[in-house]
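Since the structure comes first, as structure tokens, the remarks are kept for the end.
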Amino acid sequence: YSELRPSSNEYYGTYYKNRYGDLSGLSAFRLMRHYLINGRQEGRIATDVIDRTPIDIKPYLFDATIYGSANQDVKNAYNNNTTKLESHWTNVGIKEGRVASLVFDAKYYLEKYPDIKNAYGNDYQKAYNHFVNIGIYEGKQGSRFFDPKYYLEKYPELEEIYGKNYSKALEHFI
């Protein structure tokens with residue numbers, strides 16, 4: 001540790017020291033001690049290693065502003081109450097195939113992938129579940145506005161970081 005080299009996926013002394021100016025005067029031992037006692041609790045990042053673990057994309061599939069703008073009837077009923085808009089989308093909107101984000105449109109998804117449409121018909125809830133649980137991890141395009149394969153191909157530096165982790169590409173896009 002005294003040379004501040006990477007010692008795990010979580011800790012890289014040189015990176016930690018250079019990222020936070022207030023730590024520049026600490027010895028290697030005190031720097032590591034600071035991270036263990038304070039830095040982790042403060043949410044400081046001590047490595048430049050990118051976690052490629054696929055993520056849950058559901059939080060990125062709803063945007064209250066988009067949902068309200070695309071669905072005037074719902075906006076009129078709930079005004080700008082984000083909680084009510086999200087509740088409506090979760091309980092009704094998904095099943096009706098309503099658009100709530102730039103990255104997923106159930107109607108588009110079913111039209112783009114005939115095999116999925118053959119399996120689910122116009123069941124937008126099942127299309128949503130397929131995209132969330134399978135489609136994104138296969139790099140399927142959930143809307144006309146975001147194609148994860150194209151996104152990573154267009155930006156090779158992101159593909160270098162994320163590999164073929166399409167859920168991370170979606171997170172980066174949002």
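Being aliphatic (A, V, I, L, M), open to solvent by 30 Å² or more (accessible area, probe 1.4 Å) and closer than 12 Å to Leu61 by Cβ is the filter here; which residues of the stretch 159-174 pass it?
Ile174
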**Asked** Has the stretch 3-12 got any residue that is outside any loop (DSSP other than H, G, I, E, B), in contact (Cβ under 8 Å) with a residue 40 or more places away in the chain and surrounded by 14 or more Cβ atoms within 10 Å (Cβ to Cβ)?
**Response** yes
Counting only helices (runs of 4 or more DSSP H) entirely within the stretch 76-174, those with at least 2 residues that are at pLDDT below 95 and within 16 Å of the chain's Cα centre (by Cα) are 156-162, 166-173
Conditions (1) in contact with a helix residue (DSSP H, G or I) (Cβ under 9 Å, 6 or more places away or on another chain); (2) assigned to a helix (DSSP H, G or I); (3) open to solvent by 80 Å² or more (accessible area, probe 1.4 Å) -> Leu36 fails only (1)
Contact list, first residue from the stretch 130-157 and over 12 Å from Ile116 (Cβ atoms) and in contact (Cβ under 8 Å) with a residue 60 or more places away in the chain, second anywhere and outside any helix (DSSP H, G or I) and open to solvent by 40 Å² or more (accessible area, probe 1.4 Å), beta-carbon distance below 9 Å, six or more apart or interchain, is Val132/Asp56; Ile136/Pro54; Tyr137/Pro54
Log entry, pairs with first residue in the stretch 59-81 being closer than 15 Å to Phe104 by Cβ, second being open to solvent by 80 Å² or more (accessible area, probe 1.4 Å) and assigned to a helix (DSSP H, G or I), beta carbons closer than 6 Å, six or more apart or on different chains, reads Phe62/Glu86
Log entry, pairs with first residue in the stretch 114-126 being within 14 Å of Glu96 (Cβ to Cβ), second being open to solvent by less than 60 Å² (accessible area, probe 1.4 Å), beta carbons closer than 7 Å, six or more apart or on different chains, reads Asn122/Leu110; Tyr124/Ile94; Tyr124/Gly97; Tyr124/Ala106; Gln125/Ile94
**Asked** Would you say Val103 is more than 18 Å from Ile174 (Cβ to Cβ), in contact (Cβ under 8 Å) with a residue 40 or more places away in the chain and out of contact with any His (no Cβ under 7 Å at 6 or more places or on another chain)?
**Response** no
The residue that is farthest from Ile50 (Cα to Cα), considering only those in the stretch 131-158 that are open to solvent by 50 Å² or more (accessible area, probe 1.4 Å) and in contact with a helix residue (DSSP H, G or I) (Cβ under 8 Å, 6 or more places away or on another chain), is Arg144
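The values are calculated or read from the model by the stated rules, or taken from the named source; none is laboratory data. Worth saying up front: this structure is predicted, and the values here are computed from it rather than measured. Heads up, the Cβs are rebuilt from the backbone with ideal geometry, glycines too, and the neighbour counts pull from every protein chain shown. Heads up: the accessible areas ignore ligands, DNA and RNA and are worked out on the full protein's heavy atoms, side chains in. Shrake-Rupley method; radii C 1.70, N 1.55, O 1.52, S 1.80 Å.
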